[in-house]
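Here's the structure we're looking at; comments come further down.
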Amino acid sequence: MFKTKNLVHDIKDVPPTWIFEHFCKLKEKLNGHDVKIKSLFNPKERTPSMCIYFDNNKKVYKYKDFSSSKYGTAVDLVKDLTSLNYYQATALIVEKYNDFVLHNNGGYDLQEFKQASRYKVSKYVFRSWSSQDQYFWTQFNIGSKLLDEHCIRPLEYYTMFKESEEGPKELTIYGNYLYGYFKKDGTLYKIYQPKTLDKKFLKISDYIQGSEQRNPENKYLIITSSLKDVMAIKSLKLSHIDVIAPDSENTVIKSTYMDWWQNEYEKIIILFDNDDPGIAAMRRYKEVYPYVEVCMLPMSKDPSDSIKDYGAKAVREKLIPIINKKIQHEH
């Protein structure tokens with residue numbers, strides 16, 4: 001006889017780990033570690049870009065899909081997969097979970113777990129700038145002045161450390177193209193490794209890139225995708241414009257900052273990548289902050305690649321009318 005005592009009637013009683021395991025068809029149980037799989041929203045993806053991770057602050061699993069810019073809780077995942085609203089999605093989850101309980105003679109073995117230990121940067125060593133560095137950055141019209149202004153330093157290597165059941169573990173990464181992104185007080189907040197295809201960025205802490213370089217006399221703010229794009233746009237020497245970037249397109253800047261900047265600037269313009277994830281991210285900003293303007297540069301994928309492919313002069317001539325149109329929209 002099937003056991004029915006574990007049947008549920010409320011989404012709160014369905015373990016989020018089960019939701020991810022079932023709807024993502026995971027081959028392993030989630031017990032505090034992170035999992036990376038191919039995007040469920042992009043069947044053509046070759047390199048896994050969808051992360052199912054444990055949020056230690058909320059003590060719950062969440063997901064982030066870099067291919068589609070979708071992210072959120074287990075319920076958000078089901079909503080995104082099925083295009084159902086919240087109530088329909090939760091009803092579907094409860095139904096599927098109860099089917100699982102009935103067919104597994106009692107249900108789901110929910111265990112207490114703690115977040116698995118992760119590698120953290122424990123050490124880094126600077127090196128001198130090289131001709132390779134010069135070639136890499138100048139193709140985007142980014143020179144030493146902008147690199148110094150934004151506190152970017154070349155690294156010889158960095159070391160990562162974590163505690164594990166087997167004891168302490170250390171991992172040291174070397175490379176010709178390693179760069180540390182620092183705040184003005186010298187705090188490392190990100191490592192950029194552009195020649196590493198699967199993990200170009202290693203985030204150390206939250207930081208709005210370019211925020212410390214803003215000029216209080218400027219009238220307009222552009223929010224772009226990356227610090228490289230921040231510097232590339234600034235290299236065009238546009239008038240009265242500050243440029244910043246969140247940690248990634250998938251990170252929506254908090255209203256604490258956006259509402260403050262709405263009062264500081266005459267116009268805030270979102271200029272993300274010219275691809276599906278970038279367009280989706282811009283749409284999300286417009287939904288959350290209706291007062292922003294959104295625009296695309298119809299050249300290469302992003303501003304820095306556009307400069308590399310077409311030259312700074314051509315990008316400037318293309319971008320100025322686009323920005324001016326957004327600025328004049330308020331009038």
task = Using 0.36 nm per residue of separation minus the Cα-Cα distance, give me the extension gain between residue 29 and residue 248 in nm, one decimal.
result = 76.0 nm
query = So which residue, out of 58, 36, 195, gets the largest mean-square fluctuation from a GNM of the chain using Cα contacts under 10 Å as springs?
reply = 58
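Using the Kirkwood radius over Cα pairs, work out the Stokes-Einstein diffusion coefficient for the stretch 183-331 at 37 °C and 0.692 mPa s, in µm²/s as a whole number.
208
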key: residue 177/residue 103 FRET efficiency (R0 45 Å; Cβ-Cβ; nearest 0.05)   = 0.30
query = How long is the gain from residue 162 to residue 86 if the chain were fully straight, where each residue apart is worth 0.36 nm and the alpha carbon distance is subtracted?
reply = 23.5 nm
key: Ellipticity estimate at 222 nm from DSSP helix runs (n ≥ 4, -39,500 (n - 2.57)) divided over the chain, nearest 500   = -9500 deg cm²/dmol
message = Between residue 259 and residue 131, what is 0.36 nm times their sequence separation minus the Cα-Cα distance? Round to one decimal in nm.
response = 41.8 nm
Among [x] 25; [y] 53; [z] 30, the entry derived from the coordinates for percent of Cα pairs over 36 Å apart = [z]
task = Kindly list the residues of the stretch 137-181 that lie in the label zone of residue 196, defined by a backbone N under 13 Å from the point 7 Å along the Cα-to-C-beta vector.
result = 155-161, 171-181
Candidates 280, 232, 91: whichever shows maximal mean-square fluctuation once the chain is modelled as a Gaussian network with Cα springs under 10 Å = 91
message = Need the C-alpha centroid separation for the stretch 295-327 versus the stretch 180-222, integer Å.
response = 21
inquiry  = Taking the Cα centre as origin and putting +1 on Lys and Arg beta-carbons and -1 on Asp and Glu beta-carbons, what dipole magnitude results for the stretch 1-62, to the nearest 20 debye?
reply    = 140
query = Picking from 210, 186, 175, which is most flexible by a Gaussian network model of the chain using Cα springs under 10 Å?
reply = 186
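Normalise the Cα radius of gyration of the stretch 117-207 by 2.2 N^0.38 Å (N = residues in it) and let me know the number.
Values: Rg = 14.1 Å, N = 91, 2.2 N^0.38 = 12.2 Å.
That ratio works out to 1.16.
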query = Any idea what the dipole of the chain comes to, in debye rounded to 20, about its Cα centre with Lys/Arg Cβ at +1 and Asp/Glu Cβ at -1?
reply = 420
Charged-residue dipole, Cβ positions (Lys, Arg, Asp, Glu), the stretch 208-331 about Cα centre, Debye nearest 20 = 340
remark   = Given pairs 36/120; 195/254; 195/237; 195/308; 79/326 and cut-off 26 Å on Cα-Cα distance, the over-length ones are 195/254; 195/237; 79/326
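What is the chain's relative contact order, in percent, from Cα pairs under 8 angstrom and six or more apart in sequence?
12
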query = Picking from 147, 53, 262, whose Cα lies most toward the positive end of the charge dipole for the chain (charges on Cβ: Lys, Arg +1; Asp, Glu -1)?
reply = 147
request  = Enumerate the lysines that residue 29 could reach by cross-link, defined here as Cα to Cα under 19 Å, with residues fewer than 8 away along the same chain left out.
outcome  = 38, 59, 62, 64, 96, 114
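No lab work stands behind these numbers, since they all come straight from the coordinates. Quick caveat, the model's predicted, so the values are computed rather than measured. Virtual Cβ from ideal backbone geometry, glycine too; neighbours counted across all protein chains shown.
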